[in-house]
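The values are calculated or read from the model by the stated rules, or taken from the named source; none is laboratory data. What you see is a predicted model, and the numbers here were worked out from it, not measured in a lab. Note that each Cβ is placed from the backbone with ideal geometry, even for glycine, and that neighbours are counted across all protein chains shown. Ligands, DNA and RNA are excluded from the accessible area calculation, which covers all protein heavy atoms including side chains. Shrake-Rupley method; radii C 1.70, N 1.55, O 1.52, S 1.80 Å.
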Amino acid sequence: MKTLPLFIDGQFVASQSQQFIDVTNPADNSVIAKVPCATQGEMQAAVASAKAAFLIWKDVPVSERARVMLRYQHLLKAHQNEIAETLSLETGKTFDDAKGDVWRGIEVVEHAANIASLMMGETVENVARSIDCYSLTQPLGVCAGITPFNFPAMIPLWMFPLAIACGNTFILKPSEQDPLTPTRLVELFVEAGAPKGVLQVVHGGKEQVDFLLQHPEVKALSFVGSVPVGQYIYQQGTQHLKRVQAFAGAKNHMVVMPDANKDQVINNIVGASVGAAGQRCMAISVVVLVGESQAWVDDIKAALAKVRPGLWNDKDAAFGPLISPKAKARVQALIAAGKEEGANCLLDGSDFSVEGYENGNWLGPTLFSEVTPEMRIYREEIFGPVLCLVNADSLASAIALVNANPYGNGTSIFTASGAAARKYQHEISVGQVGINVPIPVPLPFFSFTGWKGSFYGDQHAYGKQAVRFYTETKTVTARWFEGDIPAGPNMTIHLD
Ligand code: NAD
């Protein structure tokens, strides 16, 4: 049985903790590893090492920092299948899905290798006679990241490569439910030549997160996870005067116009709703059928009925199990609530199981029609392979419905009309919009821009916004005298 180490001051070390959490294989709930809850002393040591390393790392030339990222990208690519296998084992994701999780992370590392251009400041010559003004972009110090279970490669890679490329040092607290993948990412980062102390890994839960939230040396904190924890982290972090970005839950709507291509719509609905067992923050969990597209319900049901979960290496499986028995029980309770509240349950996956793996956290595809906004299955993030169909009589009423929803991570519209798509993109209060694209996750040269209840903070993940999040701007106003220095102080203020 593997017990995961901490990574402190450049060493993988066995924790002295008396408290361990089981890491399980979601396909059968067998225990595959144990993860320690770092002690206060170990947390202190991680912060002290990150603080000391910052004093050296911040002065390492930007092109050398970029080169670490180039080597890291190369190693991640060379090991992507092996990382994806580990990821499948601890999350239950299908192999293809696990590879996607790793690949989206590699793309952020590629982006971090461009750090010199991303950190460029601005210059204006002659802001006054013989005076130039320019801005510098400088790192903050020790930054920290707290990551969720559902993307154990991509989300840690959203955070530490860019933070470190900016010249910061970083403390990662990965999800306790799947820490094997982040540990492998860190081993490869060391192999890529990351100097001692620039990255630390501590494990645990609330107690370790609270330590980071309260520690004055931690200057910025990135969080991705559920809504209540995101709100708590944003409130606590800002109260302790830190810079915080907290990415939280979602309820993503796909609006289907009657002029859309039916086959394309249905094909996209299946992958976007139940793919990864619906455990994606950008999963489509609500489809809004506008006008005549309401006649497509039976076709949607038939397409979803054809897919099934299975083991990570089962090529015919559309998705894997849920992460834990607790997550499964929560989704089952929401399915039961949907039935009690009067939604029409067209497919019920609550009792699904896979032969030989009856102890796993399986759920089959589940479909509700006639869902209304008061129902719990509409109001709450389900985070399971459950799709809700809602009817709307016009594009305007579909937009009003989506805009009234408290979340704003992602949305999409399927239509053949440029005018309808333009209206949707302009009027919708959601931060990431797909036009005939079901899951519009931006590539790393943009930023991941969730809105409303899906995000607390202002600067988002990756792209230029992440560089702003992980740096301070210093503005310099400079004058160089030539020849004789004028006599006496200049007391004049020019107002016009
Ligand atoms: P979670 O909130 O349970 O856990 C996330 C992290 O917070 C973990 O590292 C965990 O150890 C820590 N944590 C848990 N409880 C805590 C507490 N009380 N105090 C301090 N820290 C605590 O989330 P999860 O179940 O791992 O992930 C799924 C959630 O993440 C979903 O709601 C999903 O929508 C969201 N998510 C959002 C995005 C986004 O970009 N908006 C991306 C991925 C996942």
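Observations
- Residues that are over 30 Å from I439 (Cα atoms) and open to solvent by 50 Å² or more (accessible area, probe 1.4 Å) number at least 3 in the following helices (runs of 4 or more DSSP H) confined to the range 1-110: 40-57, 62-78.
- Any hit, the range 297-307, residues being surrounded by fewer than 20 Cβ atoms within 10 Å (Cβ to Cβ) and either modelled with pLDDT under 95 or touching a Lys or Arg at 6+ places or on another chain (Cβ under 8 Å) (or both): yes
- Failed item in (1) more than 30 Å from V371 (Cα to Cα); (2) polar (S, T, N, Q); (3) open to solvent by less than 10 Å² (accessible area, probe 1.4 Å); (4) within 14 Å of the ligand (Cβ to nearest atom), with N252 passing the rest: (1)
- Only one of the listed residues (I115, I171) is buried (at least 20 other Cβ atoms within 10 Å of the Cβ) and over 30 Å from P26 (Cβ atoms). That residue is I115.
- Flag for V190 being among the hydrophobic types (A, V, I, L, M, F, W, C), more than 12 Å from the ligand (Cβ to nearest atom) and open to solvent by 30 Å² or more (accessible area, probe 1.4 Å): yes
- Checked against the criteria, G237 does not count as in contact (Cβ under 8 Å) with a residue 40 or more places away in the chain and not aliphatic (A, V, I, L, M).
- Residues located in the range 197-248, provided they are over 19 Å from the mean Cα position of the chain (by Cα), open to solvent by 10 Å² or more (accessible area, probe 1.4 Å) and away from the ligand (no atom under 13 Å from the Cβ): H215, P216, E217, K219, T238, Q239, H240, L241, K242
- Residue match in the range 238-246 (condition: at pLDDT 95 or above, under 30 Å from A419 (Cα atoms) and part of a strand (DSSP E or B)): no
- Yes/no for K173 being near the ligand (Cβ under 10 Å from one of its atoms), of a type in the set (K, R) and under 22 Å from S49 (Cβ atoms): yes
- Selected residue (criterion: farthest from A396 (Cα to Cα)) from residues of the range 274-304 that are assigned to a strand (DSSP E or B) and away from the ligand (no atom under 16 Å from the Cβ): V287
- Residues in the range 187-224 that are touching a Phe, Trp or Tyr at 6+ places or on another chain (Cβ under 8 Å) and within 18 Å of N150 (Cα to Cα): 3 in all.
- E125 being more than 16 Å from the ligand (Cβ to nearest atom), more than 28 Å from V35 (Cβ to Cβ) and within 20 Å of the chain's Cα centre (by Cα): no
- Test for G121: is it at pLDDT 95 or above and part of a helix (DSSP H, G or I): no
- Total residues in the range 433-459, condition part of a loop (DSSP other than H, G, I, E, B), open to solvent by 20 Å² or more (accessible area, probe 1.4 Å) and either within 11 Å of the ligand (Cβ to nearest atom) or at positive phi (or both): 4
- Pick from the range 308-332, criterion among the polar types (S, T, N, Q) and more than 21 Å from the chain's Cα centre (by Cα), ranking: modelled with the highest pLDDT: Q332
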